[in-house]
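A short worksheet on the structure shown next.
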Amino acid sequence: MAAFSPRTVEAPDDLLAAIDWCYEQGWTDGLPVVPPEVSRVTSMLAADPRPPETVIARHPATTLELTLHGAAVNAVMAGCLPEYFPVLVAAFEAMDRPEFNFHGSTASTGGSAPLLVVSGPYGDQISMNSDVNLFGPGNRANATIGRVTRLILRNVFQMLPGISDKSTQGNPGKYSFCIAERARGNPWPLLCEAQGYPKGTSSVTAFAGGGYFNIENHGGNTPEQILGSVADAMANYGCITLGQSVVILSPEHMQIVTSTGWTREKAQDYLFTHAKRPVEGMKGVGKYRDSEYDRQHVASAHALTEAGFLHRGLAPSDILITMGGGDAGGHSCFIPSWSRLRGSLMQHAAIRPTPKKE
């Protein structure tokens, strides 16, 4: 077998000219990229012990493949440090599973963006933000890991806006959509623990998410009041579907929800029970479908499903809940799924840290 020999090209020596040259190649998300100089790509690849030609994801519609080398090139362009690379690799290994629906979630008019949620100690080790301004700017790891996800979709899998990416309006998460779960003060098991990984193993969860919904509640002081406002946001007529959901509770809201001993499972049950709309209301806005109602109430019926209503999701387990954000402020968020018909299911994978040299 011939040795792996990646293609190299000559670019201008001047840095600013090289950045403009990357624009001319169509390699950017609209923002400047770091020119992928060979030594930087080599350093990125050193974060994974496998050969650079190793395929970590495939696009089912185009048959295009993502190799470690292709991931490393785009990681350099996004501004990643080598220690971020294991998170990126795990994310694409998760999204490569058929249940995620790699093609549909990136090509549809729905405009989803892959939300990555990093859980466990590795996020702290690479200084990811799980605290104040969680979804905002300012943290290199969060911003660049999220950004390289988009660059790979564009540059490797050729999901190009207006051509193969047919998103009607898009959403800002298409630039970068990556956070870390907050461990400090978190009263529930971390997601990586709930997902069954061994102690000390970190994970990344990938979710084809729609737009970000801020949920403000500064007056509620019971779990029912806080989660009631979340459930209402989850089930607004413009959003309610059979799709999954991600809910990030702020520490202030989490403290209230768990003050009387509520577990994650109890909170999921409550949200599923209350995130619903009546069939007549669904008909009134033109969103009711017999097939969806039958699927929820017959084929996939859960004990908490209420007749005459459409709930968000098929079961409480469709709602991922965890904590993130700064200590102060009654602001949580809900992120809906991309597809009304459960076209994509969230997936998770273990993060394999860079092997330590003896």
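The values are calculated or read from the model by the stated rules, or taken from the named source; none is laboratory data. Predicted, not measured: the structure shown is a model, and the values here were computed from it. Positions of Cβ are generated from backbone atoms using ideal geometry, with glycine treated the same way; all protein chains shown enter the neighbour counts.
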Check: Conditions: (1) modelled with pLDDT of 95 or more; (2) part of a loop (DSSP other than H, G, I, E, B). Ala3 meets all but one. Number of the miss?
Finding: (1)
Next item on the list: Within the stretch 137-147, identify whether any single residue is farther than 12 Å from Tyr175 by Cβ, of a type in the set (Lys, Arg), in a helix (DSSP H, G or I) and at pLDDT 95 or above, and answer yes or no.
Entry: yes
Next item on the list: Please verify whether the stretch 204-211 includes one or more residues that are in contact with a His (Cβ under 8 Å, 6 or more places away or on another chain), part of a helix (DSSP H, G or I) and under 20 Å from Gly243 (Cβ atoms).
Entry: no
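With the structure loaded, tell me whether Met254 is on the phi < 0 side of the Ramachandran plot, assigned by TED's automatic domain parsing to the domain that holds Val89 and buried (at least 24 other Cβ atoms within 10 Å of the Cβ) or whether it fails that test.
no
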Checklist line | Search result, residues across the stretch 236-261 that are among the β-branched types (Val, Ile, Thr) and not in a loop (DSSP other than H, G, I, E, B) | finding: Val246, Val247, Ile248, Ile256, Val257, Thr258
Check: Which one of these is more than 30 Å from Ala57 (Cα to Cα), buried (at least 19 other Cβ atoms within 10 Å of the Cβ) and among the hydrophobic types (A, V, I, L, M, F, W, C): Leu320, Leu314, Leu310, Leu304?
Finding: Leu310
Note to self: Looking at the stretch 219-242, I want the residues that are outside the structural domain of Met254 (by TED's automatic domain parsing) and surrounded by fewer than 22 Cβ atoms within 10 Å (Cβ to Cβ) and have a partner that is assigned to a helix (DSSP H, G or I) and modelled with pLDDT of 95 or more with Cβ atoms under 8 Å, at least 6 apart or on another chain. Which pairs are those?
What the structure shows: none
